[in-house]
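*Asks:* Take a look at the following structure, please.
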Amino acid sequence: MSVDVRAVTESQFHDWQRALRTGFLRTPVVSDAEVADRLAHVDLARTLGAFDRDRIVATFRSFRQEVSTVGGGSLVADAITQVTVAPTHRRRGLLSRMMAADLAAAKERGDAVATLIAAEYPIYGRFGFGPASWATEWSVDVRRTGLDPRRSGRPEDGGRIDLTEAEEIRKIGPEVHRRLAGVRAGVTNRDARGWELGTGLGHQSEPWREPYYAVYRSESGEVEGYAAYTADDKWGDAKQPMNTATVRDLIAVTPAAERALWLYLCSIDWVVTVRSGYRAPDELLPLLLPDPRAARVLTHVDMLWVRVLDVARVLQDRAYPVEGSLVLDLGDRDGLAGGRYRLDASPAGAACVRTTESADLACDVAELAVLAFGDESAVRLARLGRVDERTEGAAARADLLFRTPLRPFSPDIF
């Protein structure tokens, strides 16, 4: 019998959650309280299931999102999440069917891009997604940093760090997060539900452990960053502390806040290791230490994947450091955003229109996503064979247009 792909109803949402848990190898037991809590925050019209007879064998959900662009602009995105296929129904094209339906609806709505966080790297490139941001996690051996162990952790720039509670973070955090989106591309908006879940409210997928919250304020009293972290309670046989502080969330919108928060975390009594959590690859952390070798890379991994749906908006709604023009020939096997486009850009703004002119560069829409968010070199992609340079010097010209001083960063997993 054929498998039917359609939106789930409220009465089917419990079974959908159970199928989701099965696909993610979590205990396939869902409480009524969890179902009620999650149901209040999903759009059932954008919650798809694959039905084999009356059993849900695949899940897929999307929601409205905003993602920051280079220069502090934003794009409306179709955020894709909770994608699973039951092990009994692999390799039957179910993901392809659900993805095609969702992307077609997103294109019809006028969404500029689709976004997701990939559980596995090889899955989404065939749907036109490219990794637009990456993340790095460090483990810092505090004893090797070269920092004076007698230092207090107090900022030396006239600012201050205060410990606070989750309630205050829910008040001050959204503005700090919005300011981060003005500094880096790739930041996805965090709505009220996100702030609740991130500070212990609502149903938690894992047992909640309340973190410590440290807020950095500048000399003038302005909040410029905060960190949420936990610490274990581990002691060695010689009665020596061996505790690890693990960063759950850290948002800093100025270099002063970034420096102050990391130095504070590396100055907490009894903490000998600091795990950074996922951070921007160009974070100040390693180099602000007297001995950067104290920060060991644990993970360097792709983070936000982007699928371009509206080429003109993606290229027009970002900033450019120099003046220049490019004609791009974009391949798109799904027919959603392919074609030839002329980009005319300058620090004053940009225009992007379809054209019949000869192309300077040719690539897939997946590579355009990587270039548009400023995290990759067109020259490097050309050397990899993922960009075809049709006009000599066009890749270098593209690098001058697309690159940005700060790499994109996506602090939220959705």
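*Asks:* Label-point separation (nm) for residue 196 and residue 4, each offset 7 Å from Cα along Cα-to-Cβ?
*Replies:* In this crude spin-label approximation the distance works out to 3.3 nm.
*Asks:* Under a Cβ-only charge scheme (Lys and Arg +1, Asp and Glu -1), can you give me the dipole magnitude of segment 168-305 about the Cα centre, in debye to the nearest 20?
*Replies:* That gives segment 168-305 a dipole magnitude of about 140 debye.
*Asks:* How large is ³J(HN,Hα), in whole Hz, for each residue of segment 151-157 in order, when computed from phi with the Karplus curve 6.51 cos²θ - 1.76 cosθ + 1.60 and θ = phi - 60°, using x for Gly and Pro?
*Replies:* Calculated HN-Hα couplings, in order: 5, 7, x, 6, x, 9, 9 Hz.
*Asks:* While we're looking at this one, here's another question. How big is segment 248-401 by the Kirkwood estimate over distinct Cα pairs, in Å?
*Replies:* On the way: mean 1/r = 0.0552 Å⁻¹.
In segment 248-401 this quantity evaluates to 18.1 Å.
*Asks:* Between 113, 89, 62, whose Cα lies farthest towards the positive end of the dipole of segment 1-131 when Lys and Arg beta carbons carry +1 and Asp and Glu beta carbons carry -1, centred on the Cα centre?
*Replies:* So the residue furthest toward the plus end is 89.
*Asks:* Let me ask something additional. Trypsin sites (Lys or Arg not before Pro), restricted to segment 94-161: which are DSSP loop and have at most 15 other Cβ atoms within 10 Å?
*Replies:* When the trypsin sites (Lys or Arg not before Pro) of segment 94-161 are filtered for loop state and at most 15 Cβ neighbours within 10 Å, 150, 151 remain.
*Asks:* In nanometres, what is the gap between the two model label sites at residue 157 and residue 108, each 7 Å from Cα along Cα-to-Cβ?
*Replies:* The modelled label-to-label distance comes out at 5.0 nm.
*Asks:* Further, regarding this structure: I need the GluC sites (Glu not before Pro) found in segment 131-200, filtered to DSSP loop residues with at most 16 other beta carbons within 10 Å of theirs.
*Replies:* Of the GluC sites (Glu not before Pro), the ones in loops of segment 131-200 whose Cβ has at most 16 other Cβ atoms within 10 Å are 156, 165.
*Asks:* Which order do you get for 212, 264, 278, 229 if you rank them by accessible area with a 1.4 Å probe, largest at the top?
*Replies:* Of 212, 264, 278, 229, the descending order of accessible area is 212, 278, 264, 229.
*Asks:* Label residue 242 and residue 141 with points 7 Å out from Cα along Cα→Cβ: what is the distance between them in nm?
*Replies:* 1.4 nm
*Asks:* With r defined as the distance between the Cβ atoms of residue 386 and residue 232 and R0 fixed at 30 Å, what FRET efficiency is calculated, to the nearest 0.05?
*Replies:* The pair residue 386/residue 232 has a calculated efficiency of 0.10.
*Asks:* Return the carbon/sulfur percentage of the accessible area of segment 1-79, one whole number, probe 1.4 Å, all protein chains in place.
*Replies:* Of the solvent-accessible surface of segment 1-79, carbon and sulfur hold 49 percent.
*Asks:* So between residue 123 and residue 90, what do we pick up on full extension, going 0.36 nm a residue minus the alpha carbon distance? Kindly include the intermediate steps, with their values, before the conclusion.
*Replies:* On the way: separation 33, 0.36 × 33 = 11.88 nm, distance 1.28 nm.
Length gained between residue 123 and residue 90: 10.6 nm.
*Asks:* If R₀ is 51 angstrom, what is the calculated FRET efficiency for the pair residue 222 and residue 101, using the beta carbon separation as r and rounding to 0.05?
*Replies:* Step by step, r from the Cβ atoms, then E = 0.65.
*Asks:* Residue 403's amide H: which non-local residues (gap 5+, or another chain) put their own amide H closer than 5 Å, with H modeled 1.01 Å from N in plane and none for Pro or chain starts?
*Replies:* Here nothing satisfies the definition.
*Asks:* Further question on the same structure: Looking at segment 256-353, which trypsin sites (Lys or Arg not before Pro) are DSSP coil and have at most 12 other C-beta atoms within 10 Å of their C-beta?
*Replies:* Those satisfying the criteria are 333.
*Asks:* Any idea what the dipole of segment 271-399 comes to, in debye rounded to 20, about its Cα centre with Lys/Arg Cβ at +1 and Asp/Glu Cβ at -1?
*Replies:* Working: 16 positive and 21 negative charges, 79 e Å.
So the dipole magnitude of segment 271-399 works out to roughly 380 debye.
*Asks:* Ignoring ligands, DNA and RNA, please state the percent of accessible area on segment 148-290 from carbon and sulfur, probe 1.4 Å.
*Replies:* Using a 1.4 Å probe with all protein chains present, segment 148-290 comes out at 49 percent carbon and sulfur.
*Asks:* Given contacts defined as C-alpha pairs under 8 Å and at least six residues apart, what's the relative contact order of the chain, whole-number percent?
*Replies:* Computed over the chain, the figure is 19 percent.
*Asks:* With a probe of 1.4 Å, find how much accessible area segment 31-176 has per residue, and write the answer as a whole number in Å².
*Replies:* Accessible area per residue, segment 31-176: 48 Å².
*Asks:* Can you tell me the FRET efficiency between residue 29 and residue 171 if r is taken as the Cβ-Cβ distance and R0 is 35 Å, rounded to the nearest 0.05?
*Replies:* The formula returns an efficiency of 0.50 here.
*Asks:* In the neighborhood of residue 219, defined by Cβ-to-Cβ distances under 13 Å, what is the net charge if each Lys or Arg adds +1 and each Asp or Glu adds -1? Can you show the working numbers first?
*Replies:* Details: positive: 154, 160, 217; negative: 156, 157, 222, 224.
Summing Lys and Arg as +1 and Asp and Glu as -1 gives -1.
*Asks:* Treating each Cα of the chain as an identical point scatterer and ignoring solvent, apply the Debye formula and state log10 I(q)/I(0) at q = 0.10, 0.12, 0.13 Å⁻¹.
*Replies:* These q points yield log10 I(q)/I(0) values of -0.78, -1.07, -1.19.
*Asks:* So what is the accessible area of segment 252-301 per residue, in Å², with the probe set to 1.4 Å?
*Replies:* In whole numbers, segment 252-301 has 45 Å² accessible per residue.
*Asks:* When the Cα centres of segment 389-414 and segment 288-318 are compared, how far apart do they sit, in Å?
*Replies:* 11 Å
*Asks:* A follow-up question, please. Mind putting a number on the dipole of the chain about its Cα centre? Charges go on the C-beta only, +1 for Lys and Arg and -1 for Asp and Glu, and I need it in Debye to the nearest 20.
*Replies:* Here the chain has a charge dipole of around 780 debye.
*Asks:* Can you list the residues, at least 5 places off or on another chain, whose amide H is less than 5 Å from the amide H of residue 298, using H built in the peptide plane?
*Replies:* Amide H neighbours of residue 298: 137, 138, 139.
The values are calculated or read from the model by the stated rules, or taken from the named source; none is laboratory data. From a predicted model like this one, the values you see are computed outputs, not experimental measurements. Please note: Cβ atoms are built from the backbone with ideal geometry, for glycine as well, and neighbour counts cover all protein chains shown. We work out accessible area using only protein heavy atoms, side chains counted, and drop any ligands, DNA or RNA first. Shrake-Rupley method; radii C 1.70, N 1.55, O 1.52, S 1.80 Å.
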